[in-house]
């Protein structure tokens with residue numbers, strides 16, 4: 001099981017968010033091709049993660065073929081687009097939360113105990129998930145190399161955590177997928193051991209150590 005140490009970024013630092021993440025964030029690679037015979041393609045995907053006193057900052061950077069961004073609203077079918085995902089379990093293990101974001105910064109966010117019992121977050125909670133997005137590439141959305149980046153701020157209260165009583169550890173995983181892209185792919189940070197693609201596997205989460 002992989003582990004990451006999540007550093008604390010003080011709010012009184014005289015730095016912009018990007019510089020703070022670059023200087024203090026912990027880096028991760030989303031590079032586990034879990035189903036190589038059926039889905040061998042894996043775009044470059046890496047990121048940085050840190051926390052403030054109120055929530056998690058998760059930053060993804062992608063370079064790869066194609067760009068699909070057809071979900072124009074939150075809580076759509078973001079996994080069908082070019083998509084980065086962060087799944088995290090609450091401290092008591094009763095449910096986990098999925099945050100799936102496409103290159104337009106549109107997010108699917110849901111909670112539940114397993115893949116079949118997901119409850120999508122209401123609009124007032126979606127408004128608390130801050131996000132930025134940017135991309136550049138060729139004029140052919142189904143060809144050429146695209147470089148894109150998305151950053152999420154996820155308040156602790158949306159993942160079942162009291163900011164004044166943080167746990168020492170969380171279980172989580174990071175993913176890169178694109179179910180309906182020209183080159184479908186399913187890539188993870190911590191390896192998933194299932195016969196076919198399935199990101200809804202909290203037993204395959206790695207561990208985040210909060211500092």
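The values are calculated or read from the model by the stated rules, or taken from the named source; none is laboratory data. A quick note: this is a predicted structure, and the numbers were derived from the prediction, not measured. All Cβ positions, even for glycine, are placed from backbone atoms using ideal geometry, and neighbour counts span all protein chains on display.
Figures for the structure shown
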quantity	calculated
Selected residue (only one of 98, 71 is crowded, with 22+ Cβ neighbours inside 10 Å and in contact (Cβ under 8 Å) with a residue 24 or more places away in the chain)	98
Among (1) at pLDDT 95 or above; (2) over 13 Å from the mean Cα position of the chain (by Cα); (3) closer than 15 Å to residue 208 by Cα - the single one residue 49 does not satisfy	(2)
Single residue of 127, 140 found to be surrounded by fewer than 16 Cβ atoms within 10 Å (Cβ to Cβ) and modelled with pLDDT under 95	140
Filtered residues of the stretch 1-16 (kept if in contact with a strand residue (DSSP E or B) (Cβ under 7 Å, 6 or more places away or on another chain) and either without any contact (Cβ under 8 Å) to a residue 60 or more places away in the chain or outside any loop (DSSP other than H, G, I, E, B) (or both))	3, 4, 5, 6, 8, 9
Which listed residue is in contact with a helix residue (DSSP H, G or I) (Cβ under 6 Å, 6 or more places away or on another chain), over 19 Å from residue 78 (Cβ atoms) and modelled with pLDDT of 95 or more, from 113, 167, 202, 163	163
Those residues of the stretch 58-68 which are surrounded by 22 or more Cβ atoms within 10 Å (Cβ to Cβ) and either free of Cβ contacts under 8 Å to residues at least 40 places away in the same chain or closer than 25 Å to residue 208 by Cα (or both), in sequence order	58, 59, 60, 62
Sole exception among (1) crowded, with 18+ Cβ neighbours inside 10 Å; (2) modelled with pLDDT of 95 or more; (3) assigned to a strand (DSSP E or B) for residue 146, by number	(2)
Hits in the stretch 17-36 - residues which are out of contact with any strand residue (DSSP E or B) (no Cβ under 9 Å at 6 or more places or on another chain) and at pLDDT below 95	19, 23
Conditions (1) part of a loop (DSSP other than H, G, I, E, B); (2) more than 17 Å from residue 114 (Cα to Cα); (3) touching a strand residue (DSSP E or B) at 6+ places or on another chain (Cβ under 8 Å): number failed by residue 207	(1)
Those residues of the stretch 152-166 which are out of contact with any strand residue (DSSP E or B) (no Cβ under 6 Å at 6 or more places or on another chain), surrounded by 15 or more Cβ atoms within 10 Å (Cβ to Cβ) and outside any helix (DSSP H, G or I), in sequence order	160, 161
